[in-house]
1. Once you sort the root eigenvalues of the Cα gyration tensor of segment 235-359 as a ≥ b ≥ c, which label holds: rounded (a/c under 1.5), prolate (a/b larger than b/c) or oblate (the other case)?
2. Can you tell me how much longer the chain between LYS285 and TYR397 gets when fully stretched, taken as 0.36 nm per residue apart minus their C-alpha distance, in nm with one decimal?
3. To the nearest 0.05, what FRET efficiency results for ILE448 and VAL270 with a Förster distance of 25 Å applied to their C-beta separation?
4. What residues have an amide H closer than 5 Å to that of ALA407, excluding those fewer than 5 places away on the same chain, when H is modeled at 1.01 Å from N in the peptide plane?
5. With a cut-off of 17 Å, note down the residues of segment 366-388 whose backbone N falls inside the zone around a label point 7 Å from the Cα of LEU330 toward its beta carbon.
6. Taking R0 as 25 Å, what FRET efficiency do you get between LEU114 and SER439 from their Cβ-Cβ distance, rounded to the nearest 0.05?
7. Within segment 319-428, report the GluC sites (Glu not before Pro) that DSSP leaves as loop and that have at most 16 other Cβ atoms within 10 Å.
8. Which shape class applies to segment 119-197: rounded if a/c is under 1.5, otherwise prolate when a/b exceeds b/c and oblate if not, where a ≥ b ≥ c are the square roots of the Cα gyration tensor eigenvalues?
Amino acid sequence: MKSMKTTPRKPSVWRAFSLSFSALGILLLCFSCERNNIQTRNPDTPSPPLQLPHGQPIGEIATAQIGKEGGTLTSKDGTITMEIPAGAVDAATTFSVQEVENVLKSRSKSFRLLPENVDFKKPVTLIYHYDKISMEGTNPDMLFLAYQDKDGNFYWANKTKGNRQDKTLTVQTSHFSDWTFYSQYDLYSENKLLNGEISLVQGEEIAIELKATPQDNFEGEYSQIQLPEVNYGNVIKKTVWDYSPKIGKLIVNAGEGSIVYEAPAKVDKVERVYINVTINGNLGKDNLGNVVQQMQIRQPVVINPDGYFIISENGSEMSALDFSGEFIQLVGSQLVAKFPNGYNLSLYTYDGSVGGFKYNLHGTPGCAVIELTQSEGKGGMMVMRPKDCGSKDAELYFSPGALNMKAVPNRKGEYFEGEFTVTLFGHGYCEKPSSKNLSGKFRFKKTI
């Protein structure tokens, strides 16, 4: 990525560190050998800056020619809009927006905005819509837009304005790059979060941490983001944990920066428990400009009987009535699940056991395929469609997202575990375009 004229200058003095990074920031530590050994640092000593590789493009690109009269452009999924005012450019310019891999491994989506090297004469307004993203485990007033520079460093936009009613984040900027959002305060649980909820099976336990990201505050539009900390002492003075209803067990660790929740040994149906933390301290300002001294965050925990397969569509979750799976060494996995609305879902991975599998054709090594059949003659759906319906070229467009296999069983009693996001396209897409956006999670034992 090319450098930007408005990239913040490097400060000469580290000042009071503000606020915290979200569950999105925490998984950043996947890229740090310190992820499992994070300790609270001396609050007078800055943490290393957060630096990651740039994400690869995963979504369809939206483009527009916009000239001196101004205009707007929105991403294909409707998440982010750029408003270019009249006079921002002198001549017709190609603007584009495309979703890219979220290297933060968080709930937010990331987008590459181009052109990157144009000196806009007037600031461009960015509007990020998070209405389709679960914000459980965060405080919406503590969400801020952030960008990644050419070296992979992340900066948060100090002047982000939030709107809880519209569920938007807005900021003006004079440069483009890779943009996303993060939460200043968030709860983190490794590899268990999907659609804002933590999923457990009966008898399982989970560690949940409150993370804070010390940041370099200085006058200007942006501040650099550092690696997150557990309960950063110079910001958070006290935390109080609680949970409701009182099923299972909550163990608060020394320092009150993290807890362990133990699910009950037996549940007869799906149960939900809400972990609540009250945070007190010099918590900085929210995206409405208010000084914050106290806030609360609530994290839902879903407790399932011994095994589950759950999909989410348009914000609604549905549990499978029946599911099973098989893993064959050097071949891959096949999972099937049947749902009460008539959905039958089949998932395949090829030439691998655990890890991330992007979507491609059946049999493609290192890739995955998901297929959906529906009752009542609604036809089937798959992870591909023609890239250009008006062309004779047979090039295919494959769904963004991935199937992430966290565990596969080698023997009876061990677990399949994973999650996925996918866009499925109807058979005969060019004659009658149709698609569905699904996400899902599963964890169940091999029984034979």
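Any read-out appearing in this document is the output of simple, stated calculations on the displayed coordinates, not a laboratory observation. Because the structure is predicted, anything quoted here is derived from the model rather than measured. Methodologically, a virtual Cβ is constructed for each residue, glycine included, from the backbone with ideal geometry; neighbour enumeration extends over all protein chains shown.
1. Prolate, since a/c reaches 1.5 and a/b exceeds b/c.
2. 36.0 nm
3. 0.50
4. Residues meeting the amide H criterion: GLU417.
5. Label zone hits: 366.
6. About 0.35, to the nearest 0.05.
7. Passing both the DSSP loop test and the Cβ count: GLU376, GLU395, GLU414.
8. Cα axes put segment 119-197 in the oblate bin.
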